[in-house]
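A short reminder: the numbers here are calculations on the coordinates, not readings from a lab. Predicted model, so just to flag it, every value in this text is computed and none were measured. Heads up, the Cβs are rebuilt from the backbone with ideal geometry, glycines too, and the neighbour counts pull from every protein chain shown.
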Amino acid sequence: MIRRLGDEGNVDGIQYLLHQMKLEGLHCNPDLFVNVINSFVKVGLSEQALKLFYRIDEFGCKPTVKMYNLLLDALLSENRFEMNLGKVDEAKELSTRFQPSVPMYNALINGFCKEERIQEAMKLLNQMVEDGVPPNVITYSTVISSLADRGNVELALAVFCKMFVRNCTPNLHTFSSLIKGYFAYGRCHGALDVWNRMISEGFEPNFVVYNTLLHGLASRGRMEEAISVFNTMGRYGWSANITTYGTLIDGFAKSGDLIGSSETWNKMINSGCVPNVVVYTSMVDALCRNSMFNEAHCLIESMAAENCLPNTVTFNVFIKHLACRGRTEWAVRVLDGMGRYGCSPNATTYNELLVGVLKSEGVKQGIDLFKEMEERGIMPNLLTYNSILHSVSRAGMVDIALQLIGKMVVLGNKPDAFTFNMVIDAYSRQGNVDTAIRVMEGLSSGGKWSPDSVAYTNILWGICNEFGVEKASSGLEKMVESGVFPNVATWNVLVRGLFTSLDHVGSVSLFGDIISDNG
């Protein structure tokens, strides 16, 4: 009866039967109690299952390893996107009730890694050794993958080396995680070293590892090597799938190689592989990077006929390239027509268009587009605010710039270094250098931001314009004392100020070139 109720998801009925069994003095055997726990877990009630487990003695039953593992898996697999639920902590407390084992530690370490509590995962890894429970390849690979995904590839490599010291042989997932981590942070040589070590250790790459290497090379523009890997896959009997072809097309697109993208596209079609929206979008990108906007537009229209509708990302790519090339009217028409394909613009759509409008049409049109975005219920993000701030600040519209910053803070967008630099630039261009300095010093003393070379250069520009280059020398000294060293832009500002005071503005560009050549 309990099993049937469990299959139906009727946990209320199960609780009623358990209560009746308890009243009648009937004991629940371990296998049946496992079914009870599993029934609660299947309907997402792992916490209730845990509470019931703590009352197991009331039902004349003793806990088993199977019950513990079932509860551990349930607690660690629930993903409610809320770290304060403390599922891993509950699981860790539960684990203290029985003999430590490799599966138990692996489940806990995996849970900590998923919650990005990597230090606690590392402590558990060390605790395993202290408890005489040897970590296995799953243990090490979980930690290595988590470290590599977060950019800590050096520590991941250290854990990898520790595997060998402890006579634990890595598997393909271990190598793949390291390769992926190195590529993600631009460490191509490190990734290739891991690949070469894998081959030298006698491991035969599988499809996942090949695609990981291919993606890493293509994303870094190393297309000749990527094609070499692609050809090697074929020789060893691995047929490319849509991910493989999509990776190559995207790599060629970002390298501006339309021929490479087109040839790969044709190979994909001839192999019988049907492109998805990601691959179509990469091809749109390739065409747009070569200013073939009509062809890109035709490709988007053909997607519907091929039963593969474009998505918002597809249109964002198209709009971005149109706007960057000054084709803002066309970009606006594309935005307005997105609804025909069931797509809605998002903040990225407007950000791409905003950059082009501000550049080719001016601040007023940019502000109008910003207002339209808000009217459509699309919340501007930090990039939106910084784009519009850059233009209004350069135009000396300090009041509007300050209003925008106030608005972005109220709406939960935290200003960054670029935002603060734009405010300082606006005050400097307005001739209000004292206020610019006070803003910089106030933010710096409050610990909200450390002024960089851009901030100091903006201040020096204002000082040179208002008071002359002689006054700027003290600002330069303060800059160096703060540990911020002048760059070419800083020296250009000072040289311009010097030549302006000498009425020799025409020589500035030449002097700037000399500094650049010798910088």
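For the pair the stretch 102-133 / the stretch 468-503, the C-alpha centres are spaced 54 Å from each other.
Selection among 378, 311, 326 by position relative to the dipole of the stretch 297-434 gives 326 as farthest towards the positive end (Cβ unit charges, Cα centre).
Using R0 = 41 Å, the C-beta based FRET efficiency linking residue 500 and residue 407 works out to 0.65. The alpha carbon radius of gyration of the stretch 370-413, expressed as a multiple of 2.2 N^0.38 Å, is 1.10. Computed across the stretch 183-261, the Kirkwood radius stands at 12.8 Å (inverse of mean 1/r, all Cα pairs). Going through the cross-link list 114/162; 371/448; 123/448; 267/320, which pairs have a Cα-Cα distance over 31 Å in this structure? Over 31 Å Cα-Cα: 123/448.
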